[in-house]
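Structure first, commentary second.
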Amino acid sequence: MGAESIQTKLIERTVTFDDFPTESPAFRKLLHRLRRAAESECPVFLAGEPGVGKTLLALAVHNASRRSSKPFGNLSLGEVRAELAASELFGHVKGAFTGADEDRQGLFRSADGGTLFIDEVGAAPVEVQTALLSAIEFHQVRPLGSDVHV
């Protein structure tokens, strides 16, 4: 499944913190922290086993934030072939690899000003994880085949 189809599926869905009714004090505390995170511009790290709802929580944070009118991008690196992970995240320039017939932005640039939720980071090659950390830290990405950070 490509990143665009995942992103389109989630954009059509509105999720708020009220969609998580709970009696659990620990989960209430988590929701309170996520509400506070939505008010900030800081990156948020959600950890948990597959299937616990990290994507829905990320969407709730996005919808409660000042970025809610901007795109919500979502990519599970476990669903992307390792050799395509960097292209999906950072984009590529025409001719960067066989089949790169045109420039492509990638999710970082497509979601610029909005929210990008990346799941299963551990499934990505170490090189992609390093580039991902650099992109988060320095707010710059370098499309595959380019010498320029954008």
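Selection of the stretch 21-39 for residues being surrounded by 10 or more Cβ atoms within 10 Å (Cβ to Cβ) and at pLDDT below 95 yields only Thr22.
Residues of the stretch 121-134 that are buried (at least 19 other Cβ atoms within 10 Å of the Cβ) and not in a helix (DSSP H, G or I): Ala124 alone.
Here Asn74 fulfils each of the conditions (1) closer than 28 Å to Leu31 by Cα; (2) polar (S, T, N, Q); (3) assigned to a helix (DSSP H, G or I) apart from (3).
Scanning the stretch 81-88 turns up no residue that is in contact (Cβ under 8 Å) with a residue 24 or more places away in the chain and either within 11 Å of Phe117 (Cα to Cα) or assigned to a loop (DSSP other than H, G, I, E, B) (or both).
Can you find a residue in the stretch 109-120 that is of a type in the set (D, E, K, R), under 20 Å from Lys70 (Cβ atoms) and in a loop (DSSP other than H, G, I, E, B)? Scanning the stretch 109-120, I find at least one residue that is of a type in the set (D, E, K, R), under 20 Å from Lys70 (Cβ atoms) and in a loop (DSSP other than H, G, I, E, B), so the answer is yes. Taking the listed residues Ser65, Ser76, Ser87, the one that is open to solvent by less than 50 Å² (accessible area, probe 1.4 Å) and modelled with pLDDT of 95 or more is Ser65, with no other qualifying. Scanning the stretch 135-146 for residues that are open to solvent by 30 Å² or more (accessible area, probe 1.4 Å) and under 28 Å from Gly51 (Cβ atoms) turns up just one, Ile136. In the stretch 1-20, of all residues being within 30 Å of Gln105 (Cβ to Cβ) and at pLDDT 85 or above, the one that is surrounded by the most Cβ atoms within 10 Å (Cβ to Cβ) corresponds to Val15.
Scanning the stretch 103-138 for residues that are touching a residue at least 60 places away in the same chain (Cβ under 8 Å) and either in contact with a Cys (Cβ under 7 Å, 6 or more places away or on another chain) or farther than 13 Å from Leu75 by Cβ (or both) yields a single hit, Ile136.
The values are calculated or read from the model by the stated rules, or taken from the named source; none is laboratory data. Predicted, not measured: the structure shown is a model, and the values here were computed from it. Using ideal geometry, Cβ is built from the backbone for each residue, glycine included, and neighbour counts are taken over all protein chains shown. Please note that ligands, DNA and RNA were not included when accessible areas were found on the heavy atoms of the full protein model with its side chains. Shrake-Rupley method; radii C 1.70, N 1.55, O 1.52, S 1.80 Å.
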